[in-house]
Amino acid sequence: MAKFTSSGGSSMDDSGVAGGTPPKHEQTRDLIISQIQSGELQAGAALPSEMRLSETLQVARSTVRQALAALERDGLVRRIHGKGTFIHEEASQRLRKPRELFALVVPETETAFYPSLQRSFEQAAAAFHNQVIVCNSNNNLDKQASIVLQLIDLKVAGVAIVPTTSAATPAFHIRQLQKHNIPVVCCSRPVLGTESPLISIPFEKVGGLAGKEIRKAGHRRVAFFSNGVTEASAAYETGLRKSLGSDATITVFTASGCAATDYQSVTEQSATALDKMLASEQPPTAIFCSFDSLAESLYVLLAQRGLRVPQDISVVGVGGVFRGGGLSRHLASVTVDELSLGKQAIELLTRMRRNELAIDSREVRELTLAFSTGNTLGCVPKVGCAR
């Protein structure tokens, strides 16, 4: 072990910064990094104990602990319980590399929970001192294929992908990345025929939770609106039916012949279907939509027809836990923890990059669900509810 020397001469305490000097845990981390770069600390070398480092560098043990945790996150040291802390075998190589680039591939970037997913992915990558590129496939299979080739050419460090739904993502999109030793994490849904970690949205449970809340409010005539035929929409409907029970009447509308991101066409088709439902002898008293963006469109369509939400008809959507939009804050919605999705995706990619998790791992994680009550779900008039 090379000799450590305290930088000294600073009036800064262990918890803050004085005169622009970095915090002591960063100074400690940088000192160890400099000794790795100079060759004083070789691969596999054991570092002194936290107490010994604390005494040598004249800093608190908590400062040393923070520095070692940062070095471990960066893949520069290994901490083995009961044995100690050792310089990682690839530490020098990793220090010579520029900041790694992780890619997030999503079907859209402007609506639903994708903007906040992007932010959480970027924040989680920054914590590991890495950069992010966000690619929008527009839910188009050919565009996604082009993105995959570009990411291979860029030699990115890892890819988190929300696969297309307009057409099922073929296995070779994922396999091509893995063949170039690029780790992949599938988000929301799996890609059949591939072996990679999955962070899944339990779609049937989403429909079930929506149905539970709608039924509690006393509704038995319910419409389900979806912007396309997808695995998610089919599972939403299944969960909704199971939760509402056999005494409920469910009317289903699914947009067809247009891309899920073609909002104008989806809205026009939804308006036609809505008018037909409202003109029936027993119109729905509640509407469940497959996405918050579609629920917002239905809200506007209902207002244009002179119907009050939720006094005349209730609306429930599906979205993220971040309710930042003007209308989304008021929507009753089943929420998916997209913030956790971004963080977990970076964690899994980093572990695969460090060979702590196999690139063909079949690890599956299921995102948690909650219900944002908002104010667009009300009781059926003269029926009452158990809310």
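List of remarks:
- For the range 354-386, a residue qualifies if it is modelled with pLDDT under 90 and either surrounded by 19 or more Cβ atoms within 10 Å (Cβ to Cβ) or within 30 Å of residue 283 (Cα to Cα) (or both), and the qualifying residues are 380, 381, 382, 383, 384, 385, 386.
- Within the range 53-82, the set of residues being under 30 Å from residue 348 (Cβ atoms), of a type in the set (A, V, I, L, M) and out of contact with any Phe, Trp or Tyr (no Cβ under 9 Å at 6 or more places or on another chain) comprises 64, 67, 68, 69, 70, 71, 76.
- In the range 268-293, of all residues being in contact with a Phe, Trp or Tyr (Cβ under 7 Å, 6 or more places away or on another chain), open to solvent by less than 10 Å² (accessible area, probe 1.4 Å) and not β-branched (Val, Ile, Thr), the one that is nearest to residue 212 (Cα to Cα) corresponds to 288.
- Output for the range 285-299, where each listed residue is within 16 Å of residue 323 (Cα to Cα) and part of a loop (DSSP other than H, G, I, E, B): 291
- Residue list for the range 329-351, filter: of a type outside the set (S, T, N, Q), open to solvent by 30 Å² or more (accessible area, probe 1.4 Å) and at pLDDT 95 or above: 343, 347
- All conditions in (1) at pLDDT below 90; (2) surrounded by fewer than 19 Cβ atoms within 10 Å (Cβ to Cβ); (3) within 35 Å of the chain's Cα centre (by Cα); (4) of a type outside the set (A, V, I, L, M) hold for residue 62, with the sole exception of (1).
- When the range 50-104 is filtered for residues that are among the small types (Gly, Ala, Ser) and touching a residue at least 40 places away in the same chain (Cβ under 8 Å), the ones remaining, listed by number, are 60, 62, 67, 70, 75, 91, 92, 103.
- Apart from one condition, residue 235 fits all of (1) at pLDDT 95 or above; (2) surrounded by 17 or more Cβ atoms within 10 Å (Cβ to Cβ); (3) in contact with a strand residue (DSSP E or B) (Cβ under 9 Å, 6 or more places away or on another chain); (4) of a type in the set (A, V, I, L, M); the exception is (3).
- When every residue of the range 117-126 is checked against the conditions, none turns out to be assigned to a loop (DSSP other than H, G, I, E, B), hydrophobic (A, V, I, L, M, F, W, C), touching a residue at least 60 places away in the same chain (Cβ under 8 Å) and touching a helix residue (DSSP H, G or I) at 6+ places or on another chain (Cβ under 9 Å).
- Only one of the numbered conditions (1) touching a residue at least 24 places away in the same chain (Cβ under 8 Å); (2) surrounded by fewer than 18 Cβ atoms within 10 Å (Cβ to Cβ) is violated by residue 326, and that is (1).
- Taken over the range 169-192, the criterion of being open to solvent by 90 Å² or more (accessible area, probe 1.4 Å) and of a type outside the set (Lys, Arg) is satisfied by 172, 180, 181, 192.
- Among residues of the range 30-47, those that are part of a helix (DSSP H, G or I), touching a helix residue (DSSP H, G or I) at 6+ places or on another chain (Cβ under 8 Å) and open to solvent by 40 Å² or more (accessible area, probe 1.4 Å), counted: 2
- Yes/no for residue 86 being among the aromatic types (Phe, Trp, Tyr) and either in a loop (DSSP other than H, G, I, E, B) or open to solvent by 50 Å² or more (accessible area, probe 1.4 Å) (or both): yes
- Scanning the range 75-97 for residues being more than 13 Å from residue 39 (Cβ to Cβ) and of a type in the set (Gly, Ala, Ser) gives a total of 3.
- Listing of strands (runs of 3 or more DSSP E) fully contained in the range 148-222 that carry 3 or more residues being in contact with a helix residue (DSSP H, G or I) (Cβ under 9 Å, 6 or more places away or on another chain) and more than 30 Å from residue 286 (Cβ to Cβ): 158-161, 184-188
- Of all residues in the range 135-145 being at pLDDT 95 or above and open to solvent by 50 Å² or more (accessible area, probe 1.4 Å), the one that is nearest to residue 341 (Cα to Cα): 143
- Restricting the range 180-227 to residues that are in contact (Cβ under 8 Å) with a residue 40 or more places away in the chain and among the polar types (S, T, N, Q), the residue that is nearest to residue 368 (Cα to Cα): 200
The values are calculated or read from the model by the stated rules, or taken from the named source; none is laboratory data. Here the structure is a predicted model, which means the values were calculated and not measured. When we count neighbours, we look across all protein chains shown, and the Cβ atoms used for this are built from the backbone with ideal geometry, even at glycine. When the accessible area is computed, the model is the full protein with side chains, heavy atoms only, and any ligands, DNA or RNA have been set aside. Shrake-Rupley method; radii C 1.70, N 1.55, O 1.52, S 1.80 Å.
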